[in-house]
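**Student:** I have a structure I would like to understand better, so I am pasting it below and will then ask my questions one at a time.
The values are calculated or read from the model by the stated rules, or taken from the named source; none is laboratory data. Just so you know, these numbers come straight off a predicted model, no measurement behind them. Glycine gets a Cβ as well: all are built from the backbone with ideal geometry, and neighbour counts include every protein chain shown.
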Amino acid sequence: MSTLISENFLQLNVVLRRPFPSVVEDKPAMTADILLSNIGGALSLWLGLTAMFLVEVLDLLICICRRRDASGTDKPRVQTT
């Protein structure tokens, strides 16, 4: 077994004449104008959905008041004997 390893073993030495410098650069993921644009878009969407929700709640309240008036449930009941 040891002869098999010694016959098939390869040793490779790599020597670099000049070492390669490693350069680390920091780049921002997004610039300030893109960040403000994204924040503005999110706020615009949120405000639009909030306004739409308020209109829907107002519409629901109007429908409930109209149905209540049409059914006459707010009139006092008179008992006859």
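**Student:** Restricting to the stretch 2-17, give me the number of residues that are in a loop (DSSP other than H, G, I, E, B) and of a type in the set (D, E, K, R).
**Tutor:** Count: 1.
Each row is one residue, and each column tells you yes or no for (1) surrounded by 10 or more Cβ atoms within 10 Å (Cβ to Cβ); (2) polar (S, T, N, Q); (3) within 23 Å of the chain's Cα centre (by Cα); (4) at pLDDT below 85.
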site	(1), (2), (3), (4)
4	no, no, no, yes
29	no, no, yes, no
45	yes, no, yes, no
51	yes, no, yes, no
75	no, no, no, yes
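**Student:** Another question about this same structure. For the list (1) at pLDDT 90 or above; (2) of a type in the set (A, V, I, L, M); (3) surrounded by 10 or more Cβ atoms within 10 Å (Cβ to Cβ); (4) under 25 Å from the mean Cα position of the chain (by Cα), I need the number of the one condition that residue 58 fails.
**Tutor:** (4)
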